[in-house]
Each structure stands twice: as C-alpha cells, then as structure tokens.
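Peer 1: Here it is, the structure, as structure tokens.
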Ligand SMILES: Cc1cc2nc3c(=O)[nH]c(=O)nc-3n(C[C@H](O)[C@H](O)[C@H](O)COP(=O)(O)OP(=O)(O)OC[C@H]3O[C@@H](n4cnc5c(N)ncnc54)[C@H](O)[C@@H]3O)c2cc1C
C-alpha cells in the first residue's frame with residue numbers, strides 16, 4: 001500500500017525517515033531552511049556513536065538502543081550511492097597524569113552493556129592503538145564497540161539519494177502542522193522531525209535547546225585513527241578524526257537557547273585542550289567553529305509519539321546519531 005507521506009524537517013531524523021519511507025511511499029519533505037540546512041543540529045554534530053561513553057550520562061536502555069543503531073548504520077550507508085565514512089574502531093579515553101581521578105570516576109560510571117565493557121589500558125597499549133600519542137599518557141580506557149560517521153558526507157549523500165528517488169522537496173518553508181494537515185494540505189501520514197522547531201507546539205512536554213560548539217580543523221600533522229576523549233575537570237573534550245586530515249573537536253554543553261557564534265572562552269578551551277593531547281594541532285587550520293542547539297526534553301530522553309496521523313520523533317538531545325536509526329525504525333513501524 002502506497003501512502004502520501006510528509007516529512008517535516010530535513011535534519012538528521014527527517015533524512016533517515018525520508019530514506020526509509022521513500023522505498024515504498026510517495027514522500028514530500030518540508031524544510032524551514034534552504035537545502036544546506038545549516039540550522040539543523042545534525043549538520044554541526046561530531047556524529048560520534050558512543051553508547052558506552054554516553055552511558056555515563058544516559059540510562060542503560062538508551063545506551064543499548066545505541067548499540068542497536070550502530071548495527072543499522074552500515075546498512076543505511078550502503079544504500080547511498082556515494083561513500084560516507086563510517087568506522088567502528090572504538091574510542092580511546094585518556095587523561096593527563098594530574099587528572100587521573102577524572103578518568104577513574106568516568107570508568108566507574110560506565111554502565112556494562114550486554115557483552116560490551118570498557119577496557120583499562122596502559123601506556124604501551126595506548127601507543128599500540130594510537131602511535132602518535134606515545135609517551136604522553138600513562139593510563140586510559142578503550143571502548144571497543146564505539147564508532148563514528150562523517151555527518152557532512154551523510155547529509156550530502158542522503159539528499160542526492162532522495163532526489164534520485166524523486167522525493168519532493170519544499171525548502172524555505174517553516175510549516176505548521178494542525179488538524180493532521182500541513183498548511184491545510186492533507187497527507188496520509190506526517191512525520192514530524194522538526195527538532196527544536198517544534199518547541200512551542202509540544203505543550204505536554206516542553207522542549208529546550210542545549211547549546212554546543214564544535215571546531216573543525218585541518219591538521220595534516222596529526223594522524224589519529226579513532227575518536228579520542230580527554231577527561232579533564234573543566235574542559236573534557238573529544239577529538240573525532242574525519243576523512244582528509246580533518247578533525248572535529250567538541251563539544252561544549254551549555255544550558256542555553258542562544259545559537260549565536262561561539263565565544264572566545266569556548267574556542268580557547270576546545271583548542272587548548274586539543275593541543276594538550278597532540279602538539280600537531282598547533283599548526284592546524286581552523287576551518288570553522290560552529291554552534292548548534294540540541295533538542296531535548298526535560299528528562300533528556302528521546303520520544304516517538306503518534307497523535308492521529310502525525311508521528312513525531314524528537315528530544316534526541318546529544319544522542320541523535322547514536323539513536324536515530326532505531327528511533328526512526330520505531331516511528332516507521334507505527335505506519336499501518
Ligand atoms: C555541537 C553538537 C555536537 C553533537 N554531537 C553528537 C554526537 O557526536 N553524536 C550524536 O549522536 N549526537 C550528537 N549531537 C546531537 C545530534 O546532532 C542531534 O540529536 C540531532 O541532530 C537531532 O536531530 P533532529 O532531526 O531531531 O533535529 P535537527 O537535526 O536539528 O533537524 C531539525 C530540522 O527541522 C527543521 N525545521 C524546524 N522547524 C521546522 C518547521 N516548522 N518547518 C520545516 N522545517 C522545520 C530545521 O530547520 C532542521 O533542519 C550533537 C549536537 C550538537 C549541537
């Protein structure tokens with residue numbers, strides 16, 4: 001049975017929903033922004049897939065959903081015609097000697113997930129994983145099940161694929177959803193993926209934005225293989241290697257709805273902390289420093305809900321890439 005389905009919001013959740021639904025149905029995508037979707041949190045994100053590390057901050061069921069999503073990503077990417085970098089080579093977590101208490105505390109708060117646990121490693125094992133960090137760190141943790149994807153490439157490739165499938169796009173239209181219609185136009189189903197754009201319409205469960213800043217660097221003098229997290233009492237950061245010697249350094253987390261440009265303080269913190277991990281960042285080129293607002297409910301848990309013919313996916317907070325494939329599958333399963 002073919003349905004006429006509208007996807008509202010062409011951010012991370014909207015793309016994944018459109019990719020899945022356009023295999024069977026007629027899909028129209030409405031997006032408030034232009035085709036570059038610069039206001040989508042997913043465009044700014046580091047796109048780390050980190051269920052073990054994030055289990056420190058979220059409930060175990062969400063972290064397990066992260067493992068489920070991890071298995072889905074390769075299949076999603078395989079259906080795209082252009083390459084999208086995906087890796088699952090684990091995450092290395094390190095701390096400078098004076099901050100080893102932060103590393104220990106982090107290790108204690110990681111929740112065991114099925115067979116997946118964090119491995120305590122020494123200086124030699126760190127060198128084996130990341131040769132360029134030799135002699136810099138005495139202790140660390142290795143989280144073997146974790147991964148990451150290149151979100152910029154995923155945004156490009158998903159748009160190209162949906163165009164190929166003749167999905168209709170309506171850009172530059174901030175639409176309203178009411179009486180199961182979009183701007184008075186009826187659809188069989190509406191998939192609401194507006195992220196923070198649904199803020200004033202979620203009456204029962206208020207949404208808020210949680211500000212984050214990330215820096216993207218071109219660093220030809222750095223060769224890290226996998227994401228590296230630095231534990232630090234004030235400036236914990238991660239460094240996510242992307243293709244072509246690019247690195248995403250992130251991310252601040254500030255309880256603020258301000259989406260304005262990054263502050264000097266955040267920029268200094270991110271870049272100084274990265275330099276303490278690898279001195280090769282000194283000569284790196286700062287490609288950009290971007291800000292995004294993570295859409296979050298008050299309990300920081302995502303939600304898939306259905307009212308009439310409107311299915312909403314929202315509240316992905318800092319776990320959009322980690323959780324969206326499983327959440328979109330849940331949403332699609334509610335189409336009868
Ligand atoms: C700095 C930063 C780093 C992050 N790092 C990670 C990470 O490493 N790993 C991870 O798993 N997650 C990460 N995230 C979180 C992840 O990016 C978000 O959870 C995810 O992008 C939310 O997806 P979404 O589709 O709900 O919202 P968005 O991606 O924000 O997309 C919503 C879209 O809806 C559009 N829209 C809004 N209102 C309307 C309307 N009325 N009509 C039409 N269109 C509308 C918007 O323009 C936007 O394009 C990070 C986020 C930030 C900000």
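The values are calculated or read from the model by the stated rules, or taken from the named source; none is laboratory data. Model, not experiment: these values are computed from the prediction. With ideal geometry, Cβ positions are generated from the backbone for all residues, glycine too; neighbour counts draw on all protein chains shown.
Peer 1: Tell me, please, whether a residue that is surrounded by 24 or more Cβ atoms within 10 Å (Cβ to Cβ) and in contact with a helix residue (DSSP H, G or I) (Cβ under 9 Å, 6 or more places away or on another chain) can be found in the stretch 76-88. Let's see the steps before the verdict.
Peer 2: Filtering the stretch 76-88 for residues surrounded by 24 or more Cβ atoms within 10 Å (Cβ to Cβ) gives none.
No, there is no match, as no residue in the stretch 76-88 is surrounded by 24 or more Cβ atoms within 10 Å (Cβ to Cβ) and in contact with a helix residue (DSSP H, G or I) (Cβ under 9 Å, 6 or more places away or on another chain).
Listed here are the residues, each with its yes/no results for (1) buried (at least 22 other Cβ atoms within 10 Å of the Cβ); (2) modelled with pLDDT under 95; (3) outside any loop (DSSP other than H, G, I, E, B); (4) within 11 Å of the ligand (Cβ to nearest atom).
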{"position": "209", "(1), (2), (3), (4)": "no, no, yes, yes"}
{"position": "217", "(1), (2), (3), (4)": "yes, no, yes, no"}
{"position": "221", "(1), (2), (3), (4)": "no, no, no, no"}
{"position": "233", "(1), (2), (3), (4)": "no, yes, no, no"}
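Peer 1: Let me ask another. Looking for something in contact with a strand residue (DSSP E or B) (Cβ under 7 Å, 6 or more places away or on another chain), closer than 28 Å to residue 333 by Cα and away from the ligand (no atom under 14 Å from the Cβ) - is there at least one such residue anywhere in the stretch 126-142?
Peer 2: There is no residue in the stretch 126-142 that is in contact with a strand residue (DSSP E or B) (Cβ under 7 Å, 6 or more places away or on another chain), closer than 28 Å to residue 333 by Cα and away from the ligand (no atom under 14 Å from the Cβ).
Peer 1: In addition: Filter the stretch 143-154 for residues that are buried (at least 21 other Cβ atoms within 10 Å of the Cβ) and in contact with a helix residue (DSSP H, G or I) (Cβ under 7 Å, 6 or more places away or on another chain) and give the result. Before the answer, list the steps.
Peer 2: Start the filter on the stretch 143-154 by keeping residues that are buried (at least 21 other Cβ atoms within 10 Å of the Cβ), which leaves 143, 146-151, 154.
Within the stretch 143-154, 143, 146, 147, 149, 151 meet the criteria.
Peer 1: Looking at 261, 251, 240, 274, which one is away from the ligand (no atom under 12 Å from the Cβ) and within 27 Å of residue 103 (Cα to Cα)? Give the steps one after another, and end with the answer.
Peer 2: Values: 261 fails: within 27 Å of residue 103 (Cα to Cα); 251 fails: away from the ligand (no atom under 12 Å from the Cβ); 240 fails: away from the ligand (no atom under 12 Å from the Cβ).
Sole residue among the options that is away from the ligand (no atom under 12 Å from the Cβ) and within 27 Å of residue 103 (Cα to Cα): 274.
Peer 1: Are any residues in the stretch 239-254 over 17 Å from residue 86 (Cβ atoms), touching a residue at least 60 places away in the same chain (Cβ under 8 Å) and in a strand (DSSP E or B), and if so, which ones?
Peer 2: 250
Peer 1: Also, I was wondering about something else. Filter the stretch 155-185 down to the residues that are within 15 Å of the ligand (Cβ to nearest atom) and either out of contact with any strand residue (DSSP E or B) (no Cβ under 9 Å at 6 or more places or on another chain) or closer than 26 Å to residue 93 by Cα (or both) and list them by number.
Peer 2: 155, 156, 158, 172, 178
Peer 1: I'd like to check something: does the stretch 29-43 contain any residue that is in contact with a strand residue (DSSP E or B) (Cβ under 6 Å, 6 or more places away or on another chain), assigned to a loop (DSSP other than H, G, I, E, B) and near the ligand (Cβ under 10 Å from one of its atoms)?
Peer 2: No, that holds for no residue.
Conditions (1) touching a residue at least 12 places away in the same chain (Cβ under 8 Å); (2) within 16 Å of the ligand (Cβ to nearest atom); (3) in contact with a strand residue (DSSP E or B) (Cβ under 9 Å, 6 or more places away or on another chain), marked per residue:
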{"site": "20", "(1), (2), (3)": "yes, yes, no"}
{"site": "24", "(1), (2), (3)": "yes, no, no"}
{"site": "58", "(1), (2), (3)": "yes, yes, no"}
{"site": "65", "(1), (2), (3)": "yes, yes, no"}
{"site": "94", "(1), (2), (3)": "yes, no, yes"}
{"site": "100", "(1), (2), (3)": "yes, no, yes"}
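Peer 1: Another question, if that's okay. When you scan the stretch 190-199, do you find a residue that is farther than 29 Å from residue 51 by Cβ, surrounded by fewer than 14 Cβ atoms within 10 Å (Cβ to Cβ) and touching a strand residue (DSSP E or B) at 6+ places or on another chain (Cβ under 8 Å), even just one?
Peer 2: The first filter runs over the stretch 190-199 and keeps only residues farther than 29 Å from residue 51 by Cβ, leaving 190.
Adding the requirement that they be surrounded by fewer than 14 Cβ atoms within 10 Å (Cβ to Cβ) leaves none.
Within the stretch 190-199 (the criterion being farther than 29 Å from residue 51 by Cβ, surrounded by fewer than 14 Cβ atoms within 10 Å (Cβ to Cβ) and touching a strand residue (DSSP E or B) at 6+ places or on another chain (Cβ under 8 Å)), the answer is no, since none of the residues qualifies.
Peer 1: Run down 262, 251 and say which single residue is buried (at least 20 other Cβ atoms within 10 Å of the Cβ), in contact with a helix residue (DSSP H, G or I) (Cβ under 9 Å, 6 or more places away or on another chain) and modelled with pLDDT under 95. Write out each step before concluding.
Peer 2: Numbers: 262 fails: buried (at least 20 other Cβ atoms within 10 Å of the Cβ).
Of the residues listed, the single one that is buried (at least 20 other Cβ atoms within 10 Å of the Cβ), in contact with a helix residue (DSSP H, G or I) (Cβ under 9 Å, 6 or more places away or on another chain) and modelled with pLDDT under 95 is 251.
Peer 1: So is residue 149 touching a residue at least 60 places away in the same chain (Cβ under 8 Å) and within 19 Å of residue 43 (Cα to Cα) or not? So that I can check it myself, show each step before the final result.
Peer 2: Working: touching a residue at least 60 places away in the same chain (Cβ under 8 Å): yes; within 19 Å of residue 43 (Cα to Cα): yes.
Judged against the criteria, residue 149 is a match.
Peer 1: Which numbered condition in (1) touching a helix residue (DSSP H, G or I) at 6+ places or on another chain (Cβ under 8 Å); (2) surrounded by fewer than 24 Cβ atoms within 10 Å (Cβ to Cβ) is the only one that residue 288 fails?
Peer 2: Here residue 288 clears every test but (1).
Peer 1: Using the structure shown, decide if residue 156 is modelled with pLDDT of 95 or more and over 20 Å from residue 268 (Cα atoms).
Peer 2: Numbers: modelled with pLDDT of 95 or more: yes; over 20 Å from residue 268 (Cα atoms): yes.
Judged against the criteria, residue 156 is a match.
Peer 1: Could you list all residues from the stretch 266-318 that are in contact (Cβ under 8 Å) with a residue 24 or more places away in the chain and in a loop (DSSP other than H, G, I, E, B)?
Peer 2: Hits for the stretch 266-318 are 278, 284, 298, 300, 301, 302, 308, 309, 315, 316.
Peer 1: Of the conditions (1) within 12 Å of the ligand (Cβ to nearest atom); (2) at pLDDT below 95; (3) touching a helix residue (DSSP H, G or I) at 6+ places or on another chain (Cβ under 8 Å), residue 201 satisfies every one except a single condition; which number is it?
Peer 2: Failed condition: (3).
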